[in-house]
1. Give the aspartates and glutamates reachable from K46 as a straight Cα distance under 16 Å; neighbours fewer than 8 places away on the same chain don't count.
2. Taking the alpha-carbon centroid of each part, what is the distance from segment 98-136 to segment 25-97 in angstrom?
3. What is the calculated FRET efficiency for I72 to I141, with r their C-beta to C-beta distance and R₀ = 41 Å, to the nearest 0.05?
4. Starting with the highest mean, order 135-142, 74-81, 96-103 by the number of other Cβ atoms within 10 Å, averaged over the residues of each peptide.
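What follows draws every value from the coordinates through simple rules; no lab data is involved. Fair warning: this is a prediction, and the values are worked out from it, not measured in the lab. For neighbour counting, all protein chains shown are included, and Cβ atoms are generated from backbone atoms with ideal geometry for every residue, glycine included.
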Amino acid sequence: MKKHTLSLVFGAILLALLPGCSTNTQGDDASPVFLQGSFTLLPLQKNVADNTPLQFSSTTLKNVLKAPSTSIQFLDVQVDSYTVTWQRIDGGKTASPTQIFGGEVSVPAGGSSTLNNYPYMSADSLIRPPLDQLFPYNGGIDHETGRAEIRQAGVVIWQGHTLSGQPVSSVPATFDMIFIYQGTGIRVQPAGVR
């Protein structure tokens, strides 16, 4: 009986010393709120030759209370920035570089804000590797997949702080995008044809 009791006590001590498993799917930060983003009316594809940033007409950003009974005083979130990390989803290895954009929006506690025409990739990044391979002067084909398009997923995380100064970040929000090259519509007549 002593051995069994000693084993139980020793096991309980070990369990107490191990790091706990968290059920907080929004992260283990101390902030009583987190941000959650969603995209609406996404374009199906983006032309790398149109010389404009990748923007979405509407993004909704929610300020979610981790404990609904929490007082909402000073829990409005000022979004300072958001980071867009790109991942290839077409079998290619090289992805567009990560970009950070300014936030400049306030999200009320327990409420939401709509972000209109916020950029998720700069116009300059559309002409940088790996997307530059889609231009005709670079062959018009992605060297890693052999296709005339590049598919990537954008993973967005918004960062900010509550009015009381606590840092806040969002759960990652993901969207897919197909990047293609479409010329300006100017037809070039083949040599020797009149």
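1. K46 reaches D90, D124, D132, D142, E149, D176.
2. Between the Cα centres of segment 98-136 and segment 25-97 lies a distance of 10 Å.
3. On the way: r = 53 Å, r/R0 = 1.30.
After rounding to 0.05, the efficiency reads 0.15.
4. Highest-to-lowest ranking by the protection proxy: 74-81, 96-103, 135-142.
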